[in-house]
Structure formats: structure tokens, C-alpha cells
Amino acid sequence: MVASSETVELVFGDVLVAPDAPISHVYFPLTGFISLIASLDDGQRMEVAMAGSEGMFGVSLILGVEASPLLALVQGSGSALRIPGASFLGLLEQSPFLQLLLKRYLHVLMTQLARSAACTHFHQVEARLARWLLMTQDRTYSERLHLTHEFLAMMLGVRRAGITLAAMALQARGLIHYHRGDITVVNRAGLIAASCGCYVADRELYARLLEGPA
């Protein structure tokens with residue numbers, strides 16, 4: 001992997017792959033994270049998954065799918081290992097263990113996508129916002145996050161007013177502090193309790209399949 005990879009900077013706002021575009025490279029974030037965003041015909045967008053140091057972008061190449069159905073957008077600046085798609089597939093052929101590990105990661109990602117769809121439909125905005133903040137904190141390794149209401153509204157697929165009310169409720173409970181786009185996680189344990197069960201379920205699945213013995 002070292003011979004065929006290069007370290008690149010992940011710059012906030014950069015589009016790595018557009019929807020339906022070919023996946024020329026795969027990315028393994030070292031710091032920062034990549035948002036996977038579904039785009040509709042009317043221009044609306046919503047984040048459906050994330051990839052940080054726990055995962056990668058481009059795993060669909062394992063299935064022989066060379067185009068990305070989702071927008072891959074850098075939402076957390078940092079760095080990543082980038083590998084040409086052809087080299088990545090060659091590595092998979094050489095390493096059955098890597099194949100197994102990434103197939104498990106693909107399963108985790110598919111489960112996250114399905115759970116996000118159900119979460120969007122059934123869970124309240126406040127709980128979903130708490131979940132999203134926790135997921136972001138896990139990948140930025142920081143208690144301070146710079147996130148505007150407009151950005152959060154797009155990520156969660158809700159109106160800006162809904163984000164404002166949800167953020168105010170979390171702040172009133174002493175879980176976060178919000179001021180002019182800067183959010184500080186004050187009480188992580190409380191934020192986990194306030195989030196929907198999807199957050200804990202995602203972490204438990206990841207730990208069971210990827211952190212234990214293969």
C-alpha cells in the first residue's frame with residue numbers, strides 16, 4: 001500500500017467525486033472526514049454517511065461498481081492516503097485479509113445508510129442533531145466544531161428553523177454551547193443520552209465487526 005499511495009490534504013468544501021462520476025482514487029482519511037451526500041433532482045441535498053479515520057471512501061469498487069452514486073465532499077479538513085483505483089483493486093487481490101476487512105466495513109456502511117434513512121423519517125430533529133454532532137466529534141477529535149445553522153440544515157435535510165430550535169434545546173440542557181457558528185460539546189455523555197439510539201447502534205456494530213478479531 002505504501003508504494004502505490006500518497007498523502008494528500010483534505011480541504012474543507014472540496015468535491016472528491018461528483019454523483020455518478022467514476023471513482024478514480026480511493027481515500028483513507030487520516031484526519032478530517034468526508035461526507036457522503038445524496039442529491040435530488042430538485043437540488044436538495046442531505047448527508048447519509050461519513051468516512052473518517054475509521055473508514056474510507058471508494059469501497060464500492062469492491063463490488064465492481066466504478067461510479068459513485070453519492071457526492072463525496074470534504075467536511076472536515078485534514079489529510080488522507082489516496083490510492084489509484086486500479087492499484088487498490090490489485091491490493092485486494094493480493095490480500096484476502098484486506099478483502100475481508102473492507103467487506104465488513106462495506107456492511108457497516110450499508111447499515112449506516114439504511115439506519116440514516118429510517119432515522120430521518122422517524123426521529124426528532126433534536127435527537128438527530130445530537131447524533132450528528134457526536135459523529136462529527138468522533139472524526140475531528142475535537143470538542144469545538146464550526147458549523148452554521150445553514151450547513152446543519154443541509155446535512156440533516158431539515159429547515160434552518162428546525163436546527164435553531166434543536167440547538168437551543170441542547171444548549172438549554174447544558175449539552176452544547178453555541179455561538180455564531182461555533183459549537184462546543186460541553187457534556188458528551190449527556191449528548192449521547194439525548195441522541196437517538198442510532199448513534200450507539202452504529203458504534204456497537206463497528207466495534208463488533210471491525211475492532212474485534214477478524
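The values are calculated or read from the model by the stated rules, or taken from the named source; none is laboratory data. Source: prediction; values computed, not measured. So basically every Cβ, Gly included, is an ideal-geometry build from the backbone, and we count neighbours across all protein chains shown. Just the protein is used for accessible areas: all its heavy atoms, side chains included, with ligands, DNA and RNA removed. Shrake-Rupley method; radii C 1.70, N 1.55, O 1.52, S 1.80 Å.
Name the single residue, out of those in the stretch 1-55 being free of Cβ contacts under 8 Å to residues at least 24 places away in the same chain and aliphatic (A, V, I, L, M), that is nearest to Tyr105 (Cα to Cα).
Restricting attention to the stretch 1-55, the residues satisfying the condition of being free of Cβ contacts under 8 Å to residues at least 24 places away in the same chain are 2-3, 40-43.
Keeping just the survivors that are aliphatic (A, V, I, L, M) gives 2-3, 40.
Numbers: Val2: 21, Ala3: 23, Leu40: 26 Å.
Here the residue is Val2.
Kindly evaluate Glu54 against the criterion of being closer than 25 Å to Arg144 by Cβ and of a type in the set (Asp, Glu). Show your work before the answer.
Working: closer than 25 Å to Arg144 by Cβ: yes; of a type in the set (Asp, Glu): yes.
Yes, satisfied.
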Open item on the list: Going by what's in this entry, would Glu126 be described as without any contact (Cβ under 8 Å) to a residue 24 or more places away in the chain and among the charged types (D, E, K, R)?
Closed with: no
- [ ] Give me the pairs, please: first residue somewhere in the stretch 88-111 and under 16 Å from Gly52 (Cα atoms), second residue anywhere and among the hydroxyl-bearing types (Ser, Thr, Tyr) and open to solvent by 30 Å² or more (accessible area, probe 1.4 Å), beta-carbon distance under 6 Å, and either six or more positions apart or on two chains.
- [x] Val108/Tyr206
TODO: Starting from the stretch 172-197, take each residue that is at negative phi and list its partners that are part of a loop (DSSP other than H, G, I, E, B) and among the polar types (S, T, N, Q), counting only C-beta distances under 6 angstrom and pairs at least six apart or across chains.
DONE: Leu175/Asn187
Open item on the list: Being basic (Lys, Arg) and under 24 Å from Glu204 (Cα atoms) is the filter here; which residues of the stretch 69-119 pass it?
Closed with: Lys103, Arg104, Arg115
TODO: Considering only residues that are closer than 21 Å to Asp138 by Cβ and of a type in the set (Ser, Thr, Tyr), look in the stretch 64-88 and name the one that is most open to solvent (accessible area, probe 1.4 Å).
DONE: Ser77
- [ ] Given the conditions (1) without any contact (Cβ under 8 Å) to a residue 60 or more places away in the chain; (2) farther than 15 Å from Arg144 by Cα; (3) under 19 Å from the mean Cα position of the chain (by Cα), report the number of the one that Ala201 does not fulfil.
- [x] (1)
